[in-house]
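The structure under discussion appears below in the form of structure tokens.
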Amino acid sequence: MSHTVAEPTTQQSPEPATGTGPGDSALLAAVPTVVLLGLLLMRCALIFVGDGAAYAVARALHLSPAWPTAVAASDLHVVAIDVITLLTLGLLLRRDGRSLRGVLGRFRAGEVPRGLLAFVIVLPAFVVATYLGNLAVYHGAPPATATGLATPSLPFALWTLTVMPVTVAFAEELLYRGTLQPAFAARIGRWPALVLVALGFGLQHAGLSALSVDAVVARVITTFLAGLVFGLLRRRFRTLWPLVIAHWLIDALFLGVPMVLAATGRM
């Protein structure tokens with residue numbers, strides 16, 4: 001602390017670097033690889049735990065069909081998982097001398113147009129990924145499946161449009177692209193890390209669509225491919241903000257809007 005000239009350089013340089021591609025090589029360097037792998041699979045495990053808890057509640061309340069009701073409820077408990085994700089990640093980063101804010105990067109006015117640009121890139125990529133996922137499993141469009149669920153209520157639909165996309169975008173981008181991708185890249189290389197993190201990102205979506213094996217496989221393929229695109233974009237922006245914005249818009253468009261349309265009888 002007595003070196004007043006050198007101190008700002010050694011203390012401040014790591015934080016801004018976490019918002020850039022090449023500067024992230026030392027992120028969580030002291031954390032064992034097995035812990036990083038645990039972080040990679042944490043959300044997948046927590047989502048299934050949440051599904052199981054929701055199923056138990058549905059059975060206790062005699063809600064039918066119980067399992068589809070539990071899977072639908074994942075849109076609620078995933079927000080709690082987002083909070084757990086951010087708290088866990090924040091603690092690990094603090095031990096590493098970093099912070100969530102440092103990984104996220106400073107928000108500037110230019111982040112909005114860059115976020116819209118990322119959205120324009122991700123949108124067609126996500127559509128293609130969805131097509132490929134369905135093609136691999138169903139050899140075409142997925143069949144219409146009757147879940148037996150009632151039309152979603154408007155408050156629930158508005159939750160999936162306004163709250164869930166925001167928390168999911170921050171939690172997933174900070175965890176997968178902001179922290180794990182650069183951390184694994186320093187250990188196994190850029191491209192293996194890109195694929196590994198995209199795989200973990202895809203697997204976490206299994207519990208969000210666990211109505212059938214086919215639905216799970218199609219969703220995992222789709223989100224794995226989308227994760228590759230997000231991972232590639234990660235290195236093109238100095239901060240995570242463009243990815244957070246694009247992720248938020250994708251989830252709002254493909255999850256929230258259909259829910260609102262269904263709740264209002266327009267779908």
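The values are calculated or read from the model by the stated rules, or taken from the named source; none is laboratory data. Keep in mind it's a predicted model, so treat the numbers as computed, not measured. Cβ sites come from the backbone with ideal geometry, for glycine too, and all protein chains shown count toward neighbours.
General observations
- Residue list for the stretch 238-267, restricted to those being over 13 Å from Val127 (Cα atoms) and either out of contact with any helix residue (DSSP H, G or I) (no Cβ under 6 Å at 6 or more places or on another chain) or not hydrophobic (A, V, I, L, M, F, W, C) (or both): Arg238, Thr239, Pro242, His247, Gly256, Val257, Pro258, Leu261, Ala262, Thr264, Gly265, Arg266
- From the list Ala125, Ala118, the lone residue that is part of a helix (DSSP H, G or I), under 18 Å from Phe230 (Cβ atoms) and touching a His at 6+ places or on another chain (Cβ under 9 Å) is Ala118.
- Check on Gly207, assigned to a helix (DSSP H, G or I), in contact with a Lys or Arg (Cβ under 8 Å, 6 or more places away or on another chain) and over 25 Å from Thr264 (Cβ atoms): no
- Taking the stretch 232-267 as the range and being farther than 28 Å from Thr151 by Cα and either assigned to a loop (DSSP other than H, G, I, E, B) or among the aromatic types (Phe, Trp, Tyr) (or both) as the test, the residues that pass are Arg235, Arg236, Phe237, Arg238, Thr239, Leu240, Trp241.
- Evaluation of Val216 against (1) buried (at least 19 other Cβ atoms within 10 Å of the Cβ); (2) hydrophobic (A, V, I, L, M, F, W, C); (3) without any contact (Cβ under 8 Å) to a residue 24 or more places away in the chain (one fails), failing number: (1)
- Filtering the stretch 192-202 for residues that are in a helix (DSSP H, G or I), of a type in the set (A, V, I, L, M, F, W, C) and more than 19 Å from Leu36 (Cα to Cα) leaves an empty set.
Residue by residue, here is whether (1) of a type outside the set (S, T, N, Q); (2) touching a Phe, Trp or Tyr at 6+ places or on another chain (Cβ under 9 Å) holds:
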| position | (1), (2) |
| --- | --- |
| Leu116 | yes, no |
| Leu123 | yes, no |
| Val127 | yes, no |
| Gly140 | yes, no |
| Leu154 | yes, no |
| Glu172 | yes, yes |
| Thr179 | no, no |
| Phe184 | yes, no |
| Ile188 | yes, no |
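- Among the residues of the stretch 220-253, those that are modelled with pLDDT of 95 or more and aromatic (Phe, Trp, Tyr) comprise Phe224, Phe230, Trp241, Trp248.
- Given (1) in contact (Cβ under 8 Å) with a residue 60 or more places away in the chain; (2) touching a helix residue (DSSP H, G or I) at 6+ places or on another chain (Cβ under 7 Å), index of the condition Ala141 fails: (1)
- In the set (1) of a type in the set (D, E, K, R); (2) surrounded by fewer than 14 Cβ atoms within 10 Å (Cβ to Cβ); (3) part of a helix (DSSP H, G or I), the condition left unmet by Arg177 is number (2).
- Whichever residue in the stretch 151-204 is over 21 Å from Gly105 (Cβ atoms) and of a type in the set (Val, Ile, Thr) and, among such residues, is modelled with the lowest pLDDT: Thr151
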